[in-house]
Structures are given as structure tokens and as C-alpha cells.
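Engineer: One structure, pasted below without further comment.
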Amino acid sequence: MNSQFAIFAGLIVVTTLAVGCVTPIQSQAIVPATRPATRSFPGSVAVTVTGNINTPNTKLLEAATFRTALLEGIRRSQLFRSGLVDSGGDYQLDVNVLSIEWPGPGLAMKTTFTSRWKLMRKDSGDVVCDEIIRTVHIAPLSEAFDGVARAKRSVEGAASGVIADGLKALDKHVAQ
């Protein structure tokens with residue numbers, strides 16, 4: 001009886017440590033692999049990220065991390081000839097995180113990330129692009145055996161995917 005209790009107590013301690021030791025997602029893990037655009041918007045862009053991005057019960061994905069990855073994705077894509085600015089600029093890109101459906105328990109962890117991407121010309125207020133971007137990423141058991149690592153990979157994949165799909169949506173609206 002005592003050996004069974006010791007094994008059970010040990011499993012609880014190991015599980016608690018594993019769940020408690022989840023490292024937050026780093027921005028470089030969610031920057032999508034993008035190639036420079038063949039066309040670009042004239043001028044520069046300022047970027048705002050709004051909405052509720054915080055992970056329930058953990059600090060797995062922070063809004064600042066998502067914003068940093070988004071900015072790096074824009075830099076790499078070269079969609080704006082004059083690059084990024086903190087304020088001012090020729091365009092305003094607002095990315096509003098509408099919802100994140102976090103993975104639950106299971107063998108295949110699924111995350112759904114939905115956001116609204118709205119690009120406006122600052123001089124006229126004209127809306128250049130206004131699209132809802134929804135990305136689903138499933139991290140199967142083959143991607144990571146550990147459930148916590150698999151859940152993290154699922155969130156990383158969905159966040160990276162929503163940035164990649166948002167950049168593709170913007171690219172469709174570059175004037176020819």
C-alpha cells in the first residue's frame with residue numbers, strides 16, 4: 001500500500017512540475033516563414049494589436065510576444081516600402097484578436113485563432129483591407145509526446161498561421 005501511495009504521490013509531483021514549468025512562447029517561434037513580397041505598399045505602416053490574447057491559466061502566449069512576431073513578419077515580407085513606424089506613417093494596420101480557442105486534453109491538440117485585420121490609409125481614412133483571418137492548427141501526438149509541449153506547439157502553429165494568412169490577405173490588396 002505504501003509503495004502504491006509513493007508512486008501516486010511521485011506522479012502528482014512530476015505532473016505538477018511539468019505543467020508548472022511551461023515556458024512562454026517566444027516570438028521567434030511564431031514568426032511565419034515569409035518571402036519578400038514582389039509588390040509593396042508605398043510608404044510606412046504603424047501597427048496596433050488589440051483583443052484578448054492571454055492564455056487561460058498560464059502565460060503561454062502574451063500580447064507583446066504576438067505583436068513582436070507580427071512586426072517581424074511584416075519586416076520580412078517587405079510589404080511596406082518604408083517599413084514600420086511607431087506612430088504616424090502612411091498606413092494604420094489594426095489587428096484585433098477576436099478569439100483563441102485553446103487546446104483541451106487529448107491526443108491531437110487543436111487551436112483556432114481568429115483575428116480581424118484592418119489596413120487604412122492615414123491621409124484619407126480609406127480602408128484598403130478589412131478581413132477576418134481564422135487559422136486552425138492541430139498538433140498531433142507525433143509532433144510531441146508530452147501533452148503540455150503538444151498544446152504549446154498547437155498554439156504556436158495557430159499564431160504563426162494567423163500572421164502568415166494575414167500577410168497574404170494584405171498582399172492581395174497591394175495596388176498593381
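Engineer: Suppose we filter the range 137-148 for residues that are closer than 16 Å to L61 by Cβ and either aromatic (F, W, Y) or touching a strand residue (DSSP E or B) at 6+ places or on another chain (Cβ under 9 Å) (or both); how many remain?
Structural biologist: Qualifying residue count for the region: 2.
Engineer: Ok, one more. For the range 148-176, which positions are surrounded by fewer than 22 Cβ atoms within 10 Å (Cβ to Cβ), within 18 Å of C129 (Cβ to Cβ) and over 12 Å from the mean Cα position of the chain (by Cα)?
Structural biologist: L167, K168, A169, D171, K172, H173, V174, A175, Q176
Engineer: Could I ask something else about it? Do we find that I53 is assigned to a loop (DSSP other than H, G, I, E, B), on the phi < 0 side of the Ramachandran plot and touching a residue at least 12 places away in the same chain (Cβ under 8 Å) in this structure?
Structural biologist: Yes, satisfied.
Engineer: Looking at T135, is it surrounded by fewer than 15 Cβ atoms within 10 Å (Cβ to Cβ), part of a strand (DSSP E or B) and without any contact (Cβ under 8 Å) to a residue 60 or more places away in the chain?
Structural biologist: No, not satisfied.
Engineer: Go through the range 74-93 and give me each residue that's surrounded by 17 or more Cβ atoms within 10 Å (Cβ to Cβ), of a type outside the set (A, V, I, L, M) and not in a loop (DSSP other than H, G, I, E, B).
Structural biologist: If the condition is that a residue be surrounded by 17 or more Cβ atoms within 10 Å (Cβ to Cβ), of a type outside the set (A, V, I, L, M) and not in a loop (DSSP other than H, G, I, E, B), then S77, F80, Y91, Q92 are the ones that fit.
Engineer: Considering only residues that are in contact with a Gly (Cβ under 9 Å, 6 or more places away or on another chain) and farther than 14 Å from G73 by Cβ, which ones fall in the range 151-176?
Structural biologist: Within the range 151-176, just A151 meets the criteria.
Engineer: Would you mind stating whether R67 is surrounded by fewer than 11 Cβ atoms within 10 Å (Cβ to Cβ) and either modelled with pLDDT of 80 or more or farther than 16 Å from P103 by Cβ (or both)?
Structural biologist: No: the conditions fail for R67.
Conditions (1) exposed (fewer than 15 other Cβ atoms within 10 Å of the Cβ); (2) closer than 25 Å to E143 by Cβ; (3) modelled with pLDDT of 90 or more; (4) charged (D, E, K, R), marked per residue:
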position	(1), (2), (3), (4)
I25	no, yes, no, no
A33	yes, yes, no, no
P42	yes, no, yes, no
V45	no, no, yes, no
E72	no, yes, yes, yes
P103	no, yes, no, no
A108	yes, yes, no, no
K122	no, no, yes, yes
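Engineer: Related question: From the list L107, L119, exactly one residue is more than 11 Å from the chain's Cα centre (by Cα) and within 21 Å of N52 (Cα to Cα). Which is it?
Structural biologist: Of the residues listed, the single one that is more than 11 Å from the chain's Cα centre (by Cα) and within 21 Å of N52 (Cα to Cα) is L119.
Engineer: Still on this structure, I have one more. Output the number of residues of the range 107-127 satisfying the condition of being of a type outside the set (S, T, N, Q), assigned to a strand (DSSP E or B) and free of Cβ contacts under 8 Å to residues at least 60 places away in the same chain.
Structural biologist: Adding up the residues that qualify gives 9.
The values are calculated or read from the model by the stated rules, or taken from the named source; none is laboratory data. Bear in mind that the values here come from a model prediction, so they are computed numbers and not experimental data. Note that we place each Cβ from the backbone using ideal geometry, even for glycine, and neighbour counts take in every protein chain shown.
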